[in-house]
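A.B. asks: Supplied in structure tokens, the structure appears directly below.
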Amino acid sequence: MSSPSKIIDAHARIVFDSRGNETIEIEIMTAKGLGVAAAPAGKSRGMKEVVPYPFGGVRESIKIFEKDIRRRLIGLDASEQESIDLMLKEIDGTDRFEKIGGNLAYVISLATALAASASLGKPLYEFLNPSASTIPLPLGNVLGGGKHAGKGAPDIQEILTVPLNPRTPFDAIMANVLVHKELGKILQKKLPNFPLGKGDEGAYAPNICIRNALESVVEAADRVSEMTSIKLGVGIDVAASSLWDEKIGCYIYENEGKQMTRDEHINYILSLIREFNLIYVEDPVEEHDFEGFKEILKAVPDVLVCADDLVVTNAKLIKKAGEIEAANAVIIKPNQVGTLTDTWNACKVAQGLGMITVASHRSGETPEGHLAHIAVGFGCKLIKSGVVGGERVAKVNELLRIGEKLGSKLRMATLGGG
Ligand code: PGA
Ligand code: ZN
């Protein structure tokens, strides 16, 4: 009898992402199931990430799929994730998916896993890891700017909140939603002419200085803590590579009208962490500065110093960052590395070194909830997927459904103790 997860057909198409840009969607059909996945897109991308598309863009990836990949998938068993991911690497032949495109590799890998789990009658998180039972805490972007908004918004890309002691997935998500609502009221009062515009990830993008922005988010988080008895932590994603000017060797904060040397910048970030009691800081320095990360973590060892562009979900770079104590948390964006197998390896290496893994959306997203399954399956204690907007809410809503499925096995992640 043939396997229920044997691939019988595969199809590629162009669809649109949350920014209205074209992206690639892959459908994998097995004897008993269907898997469909479309790729997200980063805007403040790390230089060491895989290449999203070859020269020629989405259309070229689709041509390559039709010519070199589709037929090779048919007949394989979708549940054999590692060998399918390895085949994609062999077909590509480069280190960074330059030939076929990292986004094509990622959606084939994910659609295959989805088809396999559907064929076996299991949810994706359980197919990825049968013993998974921990729901990650949602880390939500509520106010931001940088590359995700237009001129006038804060230079720091994201200010985020995270519920620290929610009892249920519902309470966790609700806490961030309430912060977003309270923040809207606070901003409206402070800036009567601000029409509540939002950036790419659904976070408010007001014309406001960084300290005032942080003050506003802290106030909103305090109000929600009081209303709900859920403790909330506040954090930032500086996305410092976007602010770094290599030619002059300085960080440029256009909206603040500031220019800082590397050392001044490290002190500035430390001053924000201390002044606003931040519990999380992502990419505080540019993507080559392992030493700068290290200095910051050494100065504030209790803060989650999280590496995104520095390590780009790459197991080797994560190992380096963990071993030299440059970071104690790491962003996991599957399409930064291209396959679920490599994403899993990245998580294992990070968790083996005691780092917290943060499953993350991209600023350009698709309205799918798969990231929630990846986060649960791969043991991520945090999921960074935004607070409002259909493509953001799709992920946190999926956490609710996974929570129901887990039933009495469900545990909420906690951040204490590594
Ligand atoms: P992205 O950035 O625009 O590359 O998705 C998000 C982030 O820096 O976390
Ligand atoms: Zn980031």
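The values are calculated or read from the model by the stated rules, or taken from the named source; none is laboratory data. What you see is a predicted model; the values in this text were computed from it and never measured. FYI the Cβ positions are ideal-geometry reconstructions off the backbone, even for glycines, and counts take in every protein chain you see. Accessible surface is based on the protein model in full, side chains and every heavy atom, while ligands, DNA and RNA are left aside. Shrake-Rupley method; radii C 1.70, N 1.55, O 1.52, S 1.80 Å.
A.B. asks: Using Cα-only point scatterers and the Debye equation, what is log10 of I(q)/I(0) for the chain at each q in 0.11, 0.13 Å⁻¹, rounded to two decimals?
C.D. replies: Log10 of I(q)/I(0), two decimals: -0.78, -1.09.
A.B. asks: Another question, if that's okay. Among DSSP beta bridges lying fully in the chain, give the percent that are antiparallel, nearest 5. Provide the component values of the computation, followed by the final result.
C.D. replies: Numbers: 32 of 53 bridges.
If I count the DSSP bridges inside the chain, around 60 percent turn out antiparallel.
A.B. asks: I've got another one for you. Against the empirical 2.2 N^0.38 Å scaling, what ratio does the C-alpha Rg of the range 7-121 come to?
C.D. replies: 1.01
A.B. asks: At 1.4 Å probe size, what's the solvent-accessible area of PHE170? Round to the nearest 10 Å².
C.D. replies: PHE170 has an accessible surface of roughly 120 Å² with all protein chains in place.
A.B. asks: Let me ask something else. Provide the per-residue ³J(HN,Hα) series for the range 334-347, in order, calculated from phi with Karplus coefficients 6.51, -1.76, 1.60 and θ = phi - 60°, each as a whole number of Hz, with x at glycine and proline positions.
C.D. replies: x, 7, 6, 10, x, 9, 5, 4, 5, 5, 4, 4, 4, 5
A.B. asks: Now a separate question. How high is the relative contact order of the range 117-172, in percent, counting Cα pairs under 8 Å that sit 6 or more residues apart?
C.D. replies: 28
A.B. asks: What 222 nm value per residue comes from the helices of the chain, counting each DSSP H run with n ≥ 4 as -39,500 (n - 2.57) and dividing by all residues, nearest 500 deg cm²/dmol?
C.D. replies: It lands at -12000 deg cm²/dmol.
A.B. asks: Once amide H atoms are placed 1.01 Å from N in the peptide plane, what residues at a sequence separation of 5 or more from LYS231, or on another chain, have their amide H within under 5 Å of its amide H?
C.D. replies: Under 5 Å from the amide H of LYS231: LEU164, ASN165.
A.B. asks: Which of the lysines could be linked to LYS63 by a straight reach, that is with a Cα gap under 16 Å, when you skip same-chain ones fewer than 8 residues away?
C.D. replies: Those lysines meeting the cut-off are LYS99.
A.B. asks: What does the extension gain come out to for THR228 and LYS63, with contour length at 0.36 nm per residue minus their alpha carbon separation?
C.D. replies: Separation in residues times 0.36 nm, less the Cα-Cα distance, equals 54.2 nm.
A.B. asks: I've got another one for you. With the cut-off at 19 Å, tell me which of the pairs LYS151/LYS258; LYS43/LYS151; LYS89/LYS395; LYS43/LYS198 have Cα atoms farther apart than that. Mind showing how you got there, number by number?
C.D. replies: On the way: LYS151/LYS258 15 Å; LYS43/LYS151 15 Å; LYS89/LYS395 28 Å; LYS43/LYS198 16 Å.
Among LYS151/LYS258; LYS43/LYS151; LYS89/LYS395; LYS43/LYS198, the Cα-Cα distance tops 19 Å for LYS89/LYS395.
A.B. asks: With the crude spin-label approximation of a point 7 Å out along Cα→Cβ, what separation in nm comes out for ARG72 versus ARG401?
C.D. replies: Label at ARG72, label at ARG401, 3.2 nm between them.
A.B. asks: Have a look at LEU340, HIS11, LEU104 and report the one farthest towards the positive end of the charge dipole of the chain, computed about the Cα centre with Cβ charges (Lys/Arg +1, Asp/Glu -1).
C.D. replies: Checking the options against the dipole of the chain, the answer is HIS11.
A.B. asks: On a full-extension model of 0.36 nm per residue, what is the gain between LYS247 and HIS288, subtracting their alpha-carbon distance, rounded to one decimal in nm?
C.D. replies: Extra length from LYS247 to HIS288 when fully extended: 13.3 nm.
A.B. asks: Give me a comma-separated list of calculated 3J(HN,Hα) values for the range 30-35, in order, Karplus coefficients 6.51, -1.76, 1.60 applied at θ = phi - 60°, integers in Hz, x for any Gly or Pro.
C.D. replies: The phi angles translate into 10, 4, 10, x, 9, x Hz.
A.B. asks: Report, by chain and number, residues whose modeled amide H sits under 5 Å from the one on LEU76, excluding near sequence neighbours (fewer than 5 apart, same chain).
C.D. replies: Here ILE7 satisfy the definition.
A.B. asks: For helix 210-228, what angle does its Cα long axis make with the longest principal axis of the chain, in degrees from 0 to 90 and rounded to 10?
C.D. replies: So the inclination is approximately 80 degrees.
A.B. asks: For the range 134-412, what is the relative contact order in percent, using Cα pairs closer than 8 Å and at least 6 residues apart in sequence?
C.D. replies: RCO, the range 134-412: 21 percent.
A.B. asks: Between LYS298 and LYS319, what length in nm is gained on full extension when 0.36 nm per residue of separation is reduced by their alpha carbon distance?
C.D. replies: Numbers: separation 21, 0.36 × 21 = 7.56 nm, distance 1.77 nm.
Taking LYS298 through LYS319 to full extension adds about 5.8 nm, to one decimal.
A.B. asks: Sticking with this structure for a sec: Which cross-chain or sequence-distant (5 or more) residues have an amide H under 5 Å from the amide H of GLY386, H modelled 1.01 Å from N in plane?
C.D. replies: For GLY386, the qualifying residues are ASN141.
A.B. asks: Right, another one. Taking the full set of protein chains and a 1.4 angstrom probe, give the accessible area of GLU391 in square angstrom, rounded to the nearest 10.
C.D. replies: It works out to around 40 Å².
A.B. asks: Next question, about the same structure. Using a 1.4 angstrom probe and counting only protein chains, how large is the accessible area of LEU297 in Å², to 10?
C.D. replies: 20
A.B. asks: Order 65-75, 371-381, 193-203, 222-232 from most to least packed using the mean count of other Cβ atoms within 10 Å.
C.D. replies: Sorting 65-75, 371-381, 193-203, 222-232 by mean packing, highest first, produces 371-381, 193-203, 222-232, 65-75.
A.B. asks: Another question, if that's okay. If packing is taken as the average number of other Cβ atoms within 10 Å across a peptide's residues, how do 176-183, 31-38 rank, most packed first? Mind dumping the intermediate values first?
C.D. replies: Numbers: 176-183: 22.8, 31-38: 19.9.
For the peptides 176-183, 31-38, the packing ranking is 176-183, 31-38.
A.B. asks: Same structure, new question: Work out the FRET efficiency for LEU410 and ILE14 from their Cβ-Cβ distance, taking R0 = 35 Å, and round it to the nearest 0.05.
C.D. replies: Values: r = 38 Å, r/R0 = 1.08.
Once the sixth-power term is evaluated, E becomes 0.40.
A.B. asks: Also: Please turn the phi angles of the range 243-253 into ³J(HN,Hα) values with the Karplus equation 6.51 cos²θ - 1.76 cosθ + 1.60 (θ = phi - 60°), one per residue in order, whole Hz, x for glycine and proline.
C.D. replies: Values, residue by residue: 9, 7, 9, 4, 4, 9, x, 9, 8, 10, 9 Hz.
A.B. asks: Please find, in a Gaussian network model of the chain (springs between Cα atoms separated by less than 10 Å), the residue of ILE26, ILE210, ILE248 whose mean-square fluctuation is greatest.
C.D. replies: Between ILE26, ILE210, ILE248, it is ILE248 that shows the largest mean-square fluctuation.
A.B. asks: Of the heavy-atom accessible surface of the chain (probe 1.4 angstrom), what whole percent is carbon and sulfur?
C.D. replies: Carbon and sulfur together cover 51 percent of it.
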